[in-house]
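Worksheet: one structure, shown below.
The values are calculated or read from the model by the stated rules, or taken from the named source; none is laboratory data. All values derive from a computational prediction rather than experimental measurement. Here Cβ is always computed from backbone atoms with ideal geometry, including for glycine, and neighbour counts include all displayed protein chains. Accessible surface areas use protein heavy atoms only, side chains included; no ligands, DNA or RNA. Shrake-Rupley method; radii C 1.70, N 1.55, O 1.52, S 1.80 Å.
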Amino acid sequence: MPPSIHLPGRRRVPLRWKIAALAASTACLVVAAVGLLVHLWTAQDIHQRARAQALNALYSAMDVHRRTGALTDGAELDPPGLPASLRHPADGDRQTADDDRVDGNLGPSVWAAQRVAGPGSPVLAHRVNMSPELHELRRLDVTMALASLLALAAATPLAVYGAGLLARRLRQVSETAGRISAGDLDARTGPTGGRDEVSDIAATVDLMADSLSRRLRTERRFTADVAHELRTPVGGLLATVDLLPAGETEDLLRARVRDLRGLVEDLLEISRLDGGAEQPVRARVPLGAVVTEAVARTGVGAEVTVTAPGTAPTVETDPRRLERIVGNLVLNAHRHGGTPVRVTVEGRTVVVRDHGPGFPPDLLRDGPRRFHTGAAERGTGHGLGLTIALGQARVLGADLRLDNAPDGGAVATLRLPA
């Protein structure tokens, strides 16, 4: 499992609210567009019908006036309110004009006018008041606005619910991917319902997990097989070294064979951790004393400062695994970091810090890589030691974080569970 890494905090907006907001915004735009079109179309229709009514009424009034000389209801000769554009109409032409003035109960109107006879004769006019129709238009606008608000109020919860269904399916895929990233190779999304892009993503994640699981299991099986096969010849080499005459060559060869045996033991331990076969044997132990003993066992205790207050708590853990974690962290800091190396016990937390170049960016991003020691560049090594420390921390249920201090140096923080 890669180490926990602190990322800059960002405010996350749930997808369901984004989809719901988009749906509500789209609905508002549609409602506004439809309402505007209906308003313009209705207003134009009212105006056209008023003009046609005024022309028809003027035609009837002109026919009656020419035959009888009388005026029908609404017809007037040279009315004072007649718009200026209609006071001198062309002879024999019926013309119309709009009048937006409001006079008492009369609101916006349409006038139709025509001369009674030849030039200089009076102008016969008829006025059609559009106030009732415009009042109905305003009522229609209010009704549409209220209906749109009601429809929006009903549609928004449905949009939130539908977006929630999609978000839950995507969250299921995300959680599965997170579990796979954390090392759970058996995690699968399974059927998410529906036949859409989310189902395709879920199926792709499951296929990726299957492929990754097969590759990792093959690699782990290969590592375990190699370690088991090497164990016997390495033991034979160590026994053979004991038969050599004492001397510089024997000491050098013995040291190299012991290094090789340590590497084989590390590989076997990693294979057991990968296979999930390790189980902690818990006991209540003083944390400060266990950490101090672990540092002493590394053989570099004289170069490491341990700060463990006498009030350090008693914890329930596996002391052997805890010593293994602390020892590996101290050895890694001693070999690849810089002095001074300080080990601090604070409550249930153990902090190992050196003053070297710090952990490289690829380690903090991807976690330690096995067999990567970086001998050519001091400070980049992390080999098997940190891999084993992270694996043992998982067995203990502890949290091991790897980070770099602001003023330089690598910092490994182990937090034991309560």
- Task: Measure off, as a whole percent, the carbon and sulfur share of the 1.4 Å-probe accessible area of the stretch 79-154, all protein chains present.
- Result: 60 percent
- The percentage of the accessible area of the stretch 317-366 (probe 1.4 Å, all protein chains present) made up of carbon and sulfur atoms, to the nearest whole number, is 49 percent
- Counting each DSSP H run of 4 or more residues in the chain as -39500 (n - 2.57), what helix-only mean residue ellipticity at 222 nm follows after dividing by all residues, to the nearest 500 deg cm²/dmol? -19000 deg cm²/dmol
- Task: Output the Cα-based Rg and Dmax of the stretch 60-117 in Å, rounding Rg to one decimal and Dmax to a whole number.
- Result: 12.0, 34
- Exposure ranking of Met208, Met144 by accessible area [1.4 Å probe, largest first]: Met208, Met144
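If the convex hull of the alpha-carbon atoms of the stretch 263-374 is projected onto planes in all directions, what is the mean projected area in square nanometres?
Mean projected area of the Cα convex hull: 7.8 nm².
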- Message: Need one value: the accessible area of Ser60 in square angstrom, 1.4 angstrom probe, rounded to the nearest 10.
- Response: 60 Å²
- If you take all C-alpha pairs in the chain, what percent of them are over 41 Å apart? 53 percent
- Round to the nearest 10 and report in Å² the accessible area of Thr218, as given by a 1.4 Å probe over the protein chains' heavy atoms. 80 Å²
- Note on the structure: At q = 0.16, 0.18 1/Å the base-10 log of I(q)/I(0) from the Debye formula over the alpha-carbon atoms of the stretch 58-162 is -0.75, -0.87
- Message: Just to verify a number: FRET efficiency for Thr339 and Asp366, C-beta to C-beta distance, R0 = 30 Å, to 0.05?
- Response: 0.65
- Roll a 1.4 Å probe over the protein chains and send me the accessible area per residue for the chain in Å². 58 Å²
- Quick calc, Ser25 & Ala52: beta-carbon distance into FRET formula, R0 45 Å, rounding 0.05, result 0.65
- Per residue, the convex hull enclosing the alpha carbons of the stretch 309-370 has a volume in Å³ of 113 Å³
- Task: Quick one: work out Rg over Rh on the C-alpha atoms of the stretch 212-284, Rh as Kirkwood radius.
- Result: 1.15
- Message: Please compute the modelled spin-label separation between Asp225 and Asp45, points set 7 Å along Cα→Cβ, answer in nm with one decimal.
- Response: 8.3 nm
